[in-house]
């Protein structure tokens, strides 16, 4: 998983994605993968549970920030999508 995360982060930076958005995408991908591994053993719906977990973490993080950034939420959703693709 570490190699995949580094590859995703590097690819995003090379294509011109900002460091902040690259971190959101990579972090959400890693969180999705980790939560999916957990929920595969502990839930009947690991994809839904993983999505809700990671999406909620992203929204809570944005609410914690002084300025809510919809771009960060979109980057989180992209990371969740990449995580889902990797884990299917």
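As a test of the formula, what do you get for the chain when each DSSP H run with n ≥ 4 contributes -39,500 (n - 2.57) and the sum is divided by the residue count, at 222 nm and rounded to the nearest 500 deg cm²/dmol? Numbers along the way, then the final one.
On the way: 4 runs with 74 residues, N = 88.
Theoretical 222 nm ellipticity from helices: -28500 deg cm²/dmol.
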Could you list 35, 43 in order of exposure, starting from the residue whose Cβ has the fewest other Cβ atoms within 10 Å?
-> 43, 35
Distance in nm between residue 10 and residue 87 label points, each 7 Å along Cα→Cβ, equals 2.5 nm
GNM result for the chain, Cα springs below 10 Å: residue of 73, 57, 14 fluctuating most strongly | 14
Label-point gap, in nm, between residue 19 and residue 65 - each point 7 angstrom along Cα→Cβ = 1.5 nm
What residue among 45, 24, 36 has the largest mean-square fluctuation in a Gaussian network model of the chain, using Cα springs under 10 Å?
-> 45
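Where does each of 21, 61 land when they are ranked from fewest to most other beta-carbon atoms within 10 angstrom?
Working: 21 19, 61 14.
Listed from fewest to most nearby Cβ atoms, that is 61, 21.
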Springs between alpha-carbon atoms under 10 Å, Gaussian network over the chain: tell me which of 33, 48, 15 tops the mean-square fluctuations.
-> 15
Using Cα centres only, tell me the gap between the stretch 54-76 and the stretch 1-53 in whole Å.
-> 15 Å
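What per residue convex hull volume, in Å³, do the alpha-carbon atoms of the stretch 1-76 yield?
On the way: hull volume 6.4 nm³, N = 76.
Dividing the Cα hull volume of the stretch 1-76 by its residues yields 85 Å³.
Every read-out reported here was derived from the displayed coordinates using simple, explicitly stated rules and does not represent laboratory data. As the structure is a computational prediction, the values presented were derived from the model and not from experiment. Virtual Cβ from ideal backbone geometry, glycine too; neighbours counted across all protein chains shown.
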